[in-house]
1. Does the range 394-414 include one or more residues that are more than 30 Å from ALA70 (Cβ to Cβ), aliphatic (A, V, I, L, M) and part of a loop (DSSP other than H, G, I, E, B)?
2. Has the range 436-448 got at least one residue that is at pLDDT 95 or above, farther than 17 Å from ALA545 by Cβ and of a type in the set (Ser, Thr, Tyr)?
3. Would you check which residues across the range 102-134 are open to solvent by 10 Å² or more (accessible area, probe 1.4 Å), over 25 Å from ARG421 (Cα atoms) and in contact with a Gly (Cβ under 7 Å, 6 or more places away or on another chain) and list them?
4. Tell me whether the range 410-423 contains one or more residues that are open to solvent by 10 Å² or more (accessible area, probe 1.4 Å) and small (Gly, Ala, Ser).
5. Of all the strands (runs of 3 or more DSSP E) wholly in the range 499-576, which have at least 3 residues that are over 21 Å from ALA196 (Cα atoms) and over 26 Å from the mean Cα position of the chain (by Cα)?
6. Does THR476 count as outside any loop (DSSP other than H, G, I, E, B), open to solvent by 10 Å² or more (accessible area, probe 1.4 Å), over 18 Å from ALA81 (Cα atoms) and in contact with a strand residue (DSSP E or B) (Cβ under 7 Å, 6 or more places away or on another chain)?
7. Can you tell me which of (1) in contact with a helix residue (DSSP H, G or I) (Cβ under 8 Å, 6 or more places away or on another chain); (2) assigned to a helix (DSSP H, G or I); (3) surrounded by fewer than 17 Cβ atoms within 10 Å (Cβ to Cβ) is the one LEU331 doesn't meet?
Amino acid sequence: MTGVMKRAGVRKSAVIRAALVVSLLLTAAACGSDDEPEPTASTPVAAPPTIVPSTAASTSAGSPAERAAAAVAAMSDTDLAGQVLMPYAYGSSATSVDKGSAAGNQGLAGVNTPAEMIAKYHLGGLILVAFTAKDPTGATNPTTNVENPKQVRALTDGLQAAARQLPGGAPLMIGTDQEYGVVTRVTEGVTMLPSAMGAGAAGRPKLTEGAWKAAGAELAAMGITVDFAPVADTLGPPANKVIGSRAFGSDPRANAQQVAAAVSGLQGAGVTAGLKHFPGHGHTSGDSHEGLPVVSQSKAAWTAQDLPPFQSGVGAGAGIVMSGHLDMQALDKGVPATFSKKIMTDLLRGRLKFTGVAVTDAMNMPPAMKWAPGESAVRALNAGNDMLLMPPNIGAARDGILAGLKSGQLKKERLVEAVTRILTLKFRTAAKALPPLTVVASPDHEKAVGALDAASITLLKGPCSGALVTGPVTVTSSGGREVARVNLVRALQAQGVEVQAAGGTKVHLVGYGDKATDLDPAARVTVMMDTPYLLAPAKSPVLVATYSSSKLSLTALAAVLAGKAKAPGKSPVAVPGLPRTAC
């Protein structure tokens, strides 16, 4: 009996100590492509092993911070190490996958299914991914496990069921990169927002907030708890292809307003916003999916251009900031920001006063794979990151963390701090009930997003009033844009415009990745559905930017072409030889 009482006293003291830690840490805490992914056939594999859950967190009352403290106190080192990992998995179901997906999971984690992956490594999170060839982030997404809202909700329900069996009973953090525009994971059956640059062209933060609140409700209905968006990078040179229309524009003050609006919209709907790519990926032509980009700005230039949107997003209460694999030479030369304590701790925590969860960019990108997965994990945690995204080998990352604890290279206090932040955020998010799937693609959401699309359409050359096309119209496009072309044809017909297959007044569509050779000098109207830079060499008498190929963007475009609506947008980036707007 004495031994039992003594162990209970030790356990109680541990809970109290953890509560004190979390109290100190969280006093100031704030809260695509035209192509769609193809469904994957599934064949059942073994179900995950049963784990007896701890009830320390799942049954305790109190605030999210108090529940996190209780859960952390009940966790072993292995549990703690698993909580900072957020890998991807193969398969569109938590417990039943096809043979190819099982093989992928075996290579990544030595298990067959996503649920088994959660059980084996006591994971804190999982990211949903989708590979498309036209995605600038495609190199880090070797598979697709999202198809449509119903499938995603079933997947996330299964993942959460597996997480509830883990020690501590904490929910799973389920994230994705739903930026809209060229980086969009779930494309089928959802309300597609315009790209961030489209919102920047509209210049109306209230409309941005309303659209992102609709997006947040749809993500929440699918069981997604974190959206790694908005992109808070301020766009610099036109040569920056990896960010491009993913950014709101080149004006840091305008971007700051847009970022705050997107954060407020997402989090108002119950989904955590993840600002990226700190401290700023906009002023480099390098791509961190291929190597380590060098950002050569002075510290003063960084402060004026890149800092404001991140500062604004943190001020709006963003729960997550994602690090960038960037050599920010004025801040910590030669050290990728993800692995820089000067940037991820001194700057992010000190100057920006960020108290939420710091998440690395994908750890399967080249700058993070300079070291073995275990060493890379310890370095990222020691720099100040709390969660490690997409480690290339889950077991090696987990074992590296445990080895770091044993050798003293990683202090237990740092790991506890990270997990406490993660659990506090997860418990806070889990307190909100999930909306029903019926909210997805609802008329109210289409109305909110459509208003933003209508405000984004920008005329850079041509008449500001009346129809921009007369007589029969023929819509053409560069290769691979048939979905967008057909959507515009239908939208023009709905506006009463006669459309024929050939021989009409030509409206030509170009988009992400296109070059001058994809332009058509015979077109009366050239429409750019991504960054507007390609309009500079275009010969058409009418030049329009939509910044997006979404159905609602093209519906708004059709109204402008038919003379039924104005084009109120202003280009948020400078296009050589053209005004921000012709109107």
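1. no
2. yes
3. GLY110, PHE131, THR132, LYS134
4. No, that holds for no residue.
5. Because the criterion is at least 3 residues that are over 21 Å from ALA196 (Cα atoms) and over 26 Å from the mean Cα position of the chain (by Cα), the strands (runs of 3 or more DSSP E) in the range 499-576 that meet it are 505-510.
6. yes
7. The number of the failed condition is (3).
Residue-by-condition table, conditions (1) within 22 Å of the chain's Cα centre (by Cα); (2) acidic (Asp, Glu):
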{"site": "ALA430", "(1), (2)": "yes, no"}
{"site": "ASP444", "(1), (2)": "no, yes"}
{"site": "LEU460", "(1), (2)": "no, no"}
{"site": "SER478", "(1), (2)": "no, no"}
{"site": "LEU488", "(1), (2)": "no, no"}
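The values are calculated or read from the model by the stated rules, or taken from the named source; none is laboratory data. Fair warning: this is a prediction, and the values are worked out from it, not measured in the lab. We place every Cβ from the backbone using ideal geometry, glycine too, and count neighbours over all the protein chains shown. With ligands, DNA and RNA removed, areas are computed over all heavy atoms of the protein, side chains included. Shrake-Rupley method; radii C 1.70, N 1.55, O 1.52, S 1.80 Å.
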